[in-house]
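Quick notes on the structure that follows.
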Amino acid sequence: MPRPARIAPQIPAAVTDRLSAFQKVFFSKPPFVSGVYSIDKADYLLYYGGPQNPRCIDLANAADADLQHLSDACAPATFGLNNTDVYDEDYRKARKMDVDAFSCKFDPAHSGLLELIWPEFLSDGGDIKQKVVCELYKLNVYGQGSFFKAHKDTPRSDTMFGSLVVVFPTPHEGGALILRENEKEWTFDSAAEVLADGSPKLGYVVFFSDVEHEVTKVTSGYRVTLTYNLYFNAKSTDEPTTLLHQPHLPSGVSKVGQELKIMLQDFLACPDFLPDGGFLGFGLRFLYPLDATKPVSTISSSLKGCDAMLQAVCDELGLQHSLHAVYKTSAGCDYYSGDSDGDKTVHIVRDTFWKGTHQQVDMDLYHYIRDKKSILLRAAGTRTFKDDYGKVVPTKEVHWVTKVPTQYNVVKSHYGASSRFFVPPSSAC
Ligand SMILES: O=C(O)CCC(=O)C(=O)O
Ligand SMILES: [Fe+2]
């Protein structure tokens, strides 16, 4: 028997227009911050070679022969794949030096660089709730023909959330950093900028770990970089190397946050919006490494960028909110229950991840995934429906304000978290 046709939700244009406007603003900010920065001349000095063969190179005034020496002192660069370091010149051709083999006068915290980039990067100018550790990771030299193909950085602990790369003003061409998120792409081509107007500057780019990026081929000269891992609060292995100063900002959410706040207020005041009450659902924009045995709420203090901003907006509006794992499934087949509503899609909202697997339970996933605390959601504007036993499924309506990403598998991805963020209705709904 053919399945009854899906009945489209009845959503008034006043609501759909508001939803798409909200999404546009939510995704408007790029997932990185970049630019050039002036530092003290002495901060360009890099020492390496150890006591047997000590060397110092001025990376603001380096001759090709000195850069060649630095490159020769490095080893071939590897990259992280499935928790191991892999060397593959088809994927990454570059040289690297580990942190115990060199010392650089430049320090991102003391130079003031972190204070400059931090508010814009993490909270779009709003309040910053987290302390961050910025750990020097590697020195890299990209000589002629070097590149690093598209990849996402491997999180080195579940508190690592991003990377900082600084590019020294050594003459080179090519070696642009391309960043991608969803369908969008940005290029940070520091080669010209670090040597523009005759005064050497440091190029910098800071991005979230889940942003795909690649380094294009260096066509001449040497591109010398330092990379840093960024951790929330605590870090994985050693003592923190650098603690970010909390910038002194007026409290409250950012400019984009203010815009979202006004939009949310407008939603809640709209009479067409969830007239019988319900939930607002937000698919998080970024990925988060999470121990799948822990409640999803453990990442609430580590939200990034506009995810953190949304949380702040809800706090300011006095809206209750929480983080959840969400499973999309069907609550039954129509011909068993005799219910002709057709679509029985239900989002099962849990505080923790479901521990079973699809293979173990072929049928009736709906009954296995839900637990006593689960909330069951149906699309706003649709009617309630019955399960296979003829019982009405106790669903509440949800408007997915930002879409639920579908491309991540919570079991397979090492990021683990495909969590969602919910705002129960205010009294206006
Ligand atoms: O050098 C850069 O701009 C990025 C390097 C990079 O992607 C990495 O080290 O993982
Ligand atoms: Fe990378």
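The values are calculated or read from the model by the stated rules, or taken from the named source; none is laboratory data. For clarity, every value in this text was computed on a predicted model and none was experimentally measured. Every residue, glycine among them, receives a Cβ derived from its backbone with ideal geometry; neighbour counts consider all protein chains shown.
Points to keep in mind about this one:
- Within region 132-152, the residues that satisfy the criterion of being part of a loop (DSSP other than H, G, I, E, B) and more than 15 Å from ligand 2 (Cβ to nearest atom) are G143, Q144, G145.
Every residue, every condition in (1) of a type in the set (D, E); (2) over 17 Å from F106 (Cα atoms); (3) touching a strand residue (DSSP E or B) at 6+ places or on another chain (Cβ under 9 Å), yes or no:
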residue: V167; (1), (2), (3): no, no, yes
residue: A176; (1), (2), (3): no, yes, yes
residue: T187; (1), (2), (3): no, yes, yes
residue: A191; (1), (2), (3): no, yes, yes
residue: V205; (1), (2), (3): no, no, yes
residue: E212; (1), (2), (3): yes, yes, yes
residue: V215; (1), (2), (3): no, yes, yes
residue: S220; (1), (2), (3): no, yes, yes
residue: T227; (1), (2), (3): no, no, yes
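- From the options V99, V167, residue that is within 16 Å of ligand 1 (Cβ to nearest atom), in the same structural domain as S199 (by TED's automatic domain parsing) and buried (at least 20 other Cβ atoms within 10 Å of the Cβ): V167
- The set of residues from region 153-174 being within 15 Å of ligand 2 (Cβ to nearest atom) and of a type in the set (G, A, S) comprises G162, S163.
- Subset of region 141-158 [in contact with a Lys or Arg (Cβ under 6 Å, 6 or more places away or on another chain) and either free of Cβ contacts under 8 Å to residues at least 60 places away in the same chain or surrounded by fewer than 21 Cβ atoms within 10 Å (Cβ to Cβ) (or both)]: F147, F148
- Qualifying residue in region 285-299 (condition: over 19 Å from the mean Cα position of the chain (by Cα) and under 20 Å from L19 (Cα atoms)): no
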